[in-house]
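Data block below; observations after.
The values are calculated or read from the model by the stated rules, or taken from the named source; none is laboratory data. Owing to the predicted nature of the structure, the values given are computational and were not obtained by experimental measurement. In this analysis, Cβ positions are derived from the backbone assuming ideal geometry, glycine residues included, and neighbour counts consider all displayed protein chains.
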Amino acid sequence: MQKAEKMQELRVFAQEIRLETLKTIGSLGFGHVGGSMSIIDALAVLYGDVMKVDPKNPRWEDRDWCVLSKGHAGPAMYATLGLKGFYPLENAYTLNQPHTNFPSHTDRTKTPGVDLTTGSLGQGMSTATGAALGNKIDGRDNHVFVFVGDGEADEGQVWEAAQFAVHYKLDNLVCFVDDNKYQLDGSCETVMKHANGIGAKFAAFGWNVVECADGNDVEQIYDAVQAAYATKDVPTCIVLNTVKGKGATFADGTGAHSSQPSKEQWDEAIAYAEKQLAEIKAQ
């Protein structure tokens, strides 16, 4: 397959995830739209082309792992896994309801395809690093991908894991930083600024760092992952400069951490996502 054709397939897949994420959160009526929508293009690249996974065998030992340290982006993961056939899509429409297998934060004991339970920010970075070390000790050639929020990177535990990963030469670990410029209480610039940028901090710890100027562009993300694969003896951090709420008409660019729009706003957002999907398929 030519690269241009592959990128087009990934753009379609990303928009399908975007639409399904809106439907999933919309089934509850409120939730973490902003931080879910911003990582969708990276999830499309991973599950649409890069990662080794088997929907019929979610615990396949040689699979690649994907960990949402920013566990509140679970709806985007649920949409992605549903589209990949891990379970019927409509199952996720029980999001965060009693007895659901789709809680607001990802839980490996409940949802097929979720590799590690996350939610308390910072901890997913550590557990993903541990998984990468374990796989390396076991002689596997798979990779562990972990998503960390820019606000989450305020947590000291993130940087303990960053130091650990370099010391143990975990070149099978790739960290995506969702640099959408906002966290729970406002902009990262005002709440807790990362001097010289998050990428510079990872580089100071000894990581290979790749910056995606447009972290919602599947081709830039794909090329960054290939660069990570080519890098040996050190882990790679891919900084995604993203738009929080990307593609949700009521949240795109607002910086909102969680949203509770009206039914009319939900309907408008879903209709817009469907229109966008049709346009991308026609390209």
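Summary table
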item	result
Residue match in segment 18-39 (condition: farther than 20 Å from E268 by Cα, in contact with a Pro (Cβ under 6 Å, 6 or more places away or on another chain) and either touching a residue at least 12 places away in the same chain (Cβ under 8 Å) or not hydrophobic (A, V, I, L, M, F, W, C) (or both))	no
Test: residue in segment 234-257 that is over 16 Å from the mean Cα position of the chain (by Cα), farther than 23 Å from G215 by Cβ and of a type outside the set (G, A, S)	no
Selection status of T106, crowded, with 24+ Cβ neighbours inside 10 Å, polar (S, T, N, Q) and in a helix (DSSP H, G or I)	no
Filter result for A195 (in contact with a Lys or Arg (Cβ under 9 Å, 6 or more places away or on another chain) and modelled with pLDDT under 95)	yes
Tally of residues being out of contact with any Pro (no Cβ under 7 Å at 6 or more places or on another chain), in contact (Cβ under 8 Å) with a residue 12 or more places away in the chain and either farther than 11 Å from K23 by Cα or crowded, with 18+ Cβ neighbours inside 10 Å (or both) across segment 83-93	3
Filter pass, G74 being among the small types (G, A, S), over 14 Å from the mean Cα position of the chain (by Cα) and at pLDDT 95 or above	no
Single residue of segment 164-182 satisfying the filter (modelled with pLDDT of 95 or more and assigned to a loop (DSSP other than H, G, I, E, B)) that is farthest from K201 (Cα to Cα)	N172
Test set (1) closer than 22 Å to H257 by Cβ; (2) surrounded by fewer than 18 Cβ atoms within 10 Å (Cβ to Cβ) - H167 fails condition number	(1)
Residue ID - modelled with the lowest pLDDT, chosen from residues in segment 1-16 that are in a helix (DSSP H, G or I) and among the aliphatic types (A, V, I, L, M)	A4
Qualifying residues in segment 17-45 (those that are out of contact with any helix residue (DSSP H, G or I) (no Cβ under 6 Å at 6 or more places or on another chain) and surrounded by fewer than 24 Cβ atoms within 10 Å (Cβ to Cβ)) - the one modelled with the highest pLDDT	K23
Residues within segment 216-235 that are part of a helix (DSSP H, G or I) and in contact with a strand residue (DSSP E or B) (Cβ under 9 Å, 6 or more places away or on another chain), tallied	8
Subset of segment 48-82 [part of a strand (DSSP E or B) and either free of Cβ contacts under 8 Å to residues at least 12 places away in the same chain or under 16 Å from A14 (Cβ atoms) (or both)]	C66
Meets criteria (buried (at least 17 other Cβ atoms within 10 Å of the Cβ), among the aliphatic types (A, V, I, L, M) and either under 30 Å from E9 (Cβ atoms) or in contact (Cβ under 8 Å) with a residue 24 or more places away in the chain (or both)) for A228	yes
Conditions (1) part of a loop (DSSP other than H, G, I, E, B); (2) touching a residue at least 60 places away in the same chain (Cβ under 8 Å); (3) more than 24 Å from S126 (Cα to Cα): number failed by T249	(2)
Test: A161 is within 21 Å of W207 (Cα to Cα) and either crowded, with 19+ Cβ neighbours inside 10 Å or touching a residue at least 40 places away in the same chain (Cβ under 8 Å) (or both)	yes
Identity of the residue in segment 134-151, outside any loop (DSSP other than H, G, I, E, B) and surrounded by fewer than 19 Cβ atoms within 10 Å (Cβ to Cβ), that ends up farthest from the chain's Cα centre (by Cα)	I137
Verdict on D150 being under 16 Å from A73 (Cα atoms), acidic (D, E) and in contact with a strand residue (DSSP E or B) (Cβ under 6 Å, 6 or more places away or on another chain)	yes
